[in-house]
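Right, one structure below, let's go through it.
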Amino acid sequence: MHDGVIEFARYRAYAVTGCSRSLPHPFAARDGCGSPVALAALVGTALACRAPAEPSTTAHRLETLRRVDDLSLALTTRSRAAIVAASYGTLFGRPSALALAELESADLESWFRAASLTGYDTAGETFVEHMSRIHGELEHRGAASDVIHKKMFEGYVQVRMLDEARALARQQPHLGVEVLPEVRDTGALVPGRPSLWVVDPDKRQLQRQSIDLHQPAQVVMVSLPDCHFSQNAMRALESDPVLGPVLATHALRLAPQAAQIDFDVLQQWNREHPTQAIALAVRSDEWPLVDSWNTPTFYFLKNGTLVAKVEGWPPGGRRAEVVAGLQQIGLLPVR
């Protein structure tokens, strides 16, 4: 990123909060132009600037957080997560039993939705823990709606607290949430390596496996079977007489850590496209090289080092960029 990103972040902070205070430009130089910490601090400082002058209700703080979330859409997943998490911390902080007990149910619901939004963006257990505390208080009051129950279920699924998700589904059988698959470890998980869930072709089961990214040449493709951009990319590449065979051998297709597993959709896709089978990331923080989980995104690795990245699939495709990435890691000759 460059200085323009910092300037855009200043504008975003002002647009969100109406605060005219801006950080001095040397801050960007010290912390790295466009780094998650710099961008988060820009928004967080603006939020802190506004707070004393204009006390806000919980609903208003939720709306502010939503605006931060919307205005950070163009950033990488990692940068967006840092901004939203920092903003949540400034606006809400950590819920205590005393604080929750003193709030009206409507305020509790707003806080729950703020934690849910932040948990969605960050895949962070901390925010799902906040959701769980607030959910418990709402349940105690008999004020937890089906929408709240479903968001709690999805939060548990996203951070892979599947036992808690199953328990909630049993307690609220009318919700109609997805039936979670059985999860098994292969018994050969390697500490320090990222892991994924492989979709069993026949059983309703996921098998967790470690992945060695330190191959001479490898492509990690972040994709989803129900994302039409991913579908267009994978079908174009599958039918390509040059790229298809190379990617069938050297590409790993990975679905992001998300609030839904969508097991049936994945299993059906994999049956219909065995050379482009998609696995699921268990935890996104196991994949530090992946800074954006937008779909589709291609990461070209050489001996475990990121060499090139291609993001998105417009109507005209990105074949030339994929070819260039494969050439840089030695899977296609340079002509």
Requested in this report: From (1) within 30 Å of LEU196 (Cα to Cα); (2) crowded, with 17+ Cβ neighbours inside 10 Å, pick out the condition that doesn't hold for PRO173.
Outcome: (2)
Query - Test result for ARG166, out of contact with any Leu (no Cβ under 7 Å at 6 or more places or on another chain) and either under 30 Å from SER132 (Cβ atoms) or among the charged types (D, E, K, R) (or both) - result: no
Report task. With the condition kept exactly as written, say whether any residue in region 226-238 is in the same structural domain as PRO288 (by TED's automatic domain parsing), under 23 Å from GLY330 (Cα atoms) and touching a strand residue (DSSP E or B) at 6+ places or on another chain (Cβ under 7 Å). Result -> no
Requested in this report: Inspect all residues belonging to region 278-291 and state whether any of them is closer than 18 Å to VAL198 by Cα, β-branched (Val, Ile, Thr), outside any loop (DSSP other than H, G, I, E, B) and at pLDDT 95 or above.
Outcome: yes
**Report entry** Qualifying position, being closer than 22 Å to ASN294 by Cα, part of a helix (DSSP H, G or I) and out of contact with any His (no Cβ under 6 Å at 6 or more places or on another chain), among ARG67, ARG160, ARG166
**Finding:** ARG67
Report task. Please go through region 90-104 and pick out each residue that is surrounded by fewer than 13 Cβ atoms within 10 Å (Cβ to Cβ) and in contact (Cβ under 8 Å) with a residue 12 or more places away in the chain. Result -> ARG94, ALA97, ALA101
**Report entry** Matching option when the condition is modelled with pLDDT under 90 and either assigned by TED's automatic domain parsing to the domain that holds GLY124 or closer than 18 Å to THR126 by Cα (or both), among ALA86, ALA53
**Finding:** ALA53
Report task. Assess whether ARG78 counts as being more than 18 Å from GLU137 (Cβ to Cβ), surrounded by fewer than 20 Cβ atoms within 10 Å (Cβ to Cβ) and either in contact with a Pro (Cβ under 9 Å, 6 or more places away or on another chain) or without any contact (Cβ under 8 Å) to a residue 12 or more places away in the chain (or both). Result -> yes
Query raised in the report: Can you tell me which residue in region 73-83 is nearest to THR118 (Cα to Cα), limited to those that are among the small types (Gly, Ala, Ser) and at pLDDT 90 or above?
Result: ALA81
Report task. May I ask you to verify whether VAL198 is closer than 26 Å to GLN328 by Cα, in contact with a Lys or Arg (Cβ under 9 Å, 6 or more places away or on another chain), part of a strand (DSSP E or B) and of a type in the set (A, V, I, L, M)? Result -> no
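The values are calculated or read from the model by the stated rules, or taken from the named source; none is laboratory data. All of these numbers come straight from a predicted model, not from anything done at the bench. Counting neighbours? That spans all protein chains shown, and the Cβs are built from the backbone with ideal geometry, glycine included.
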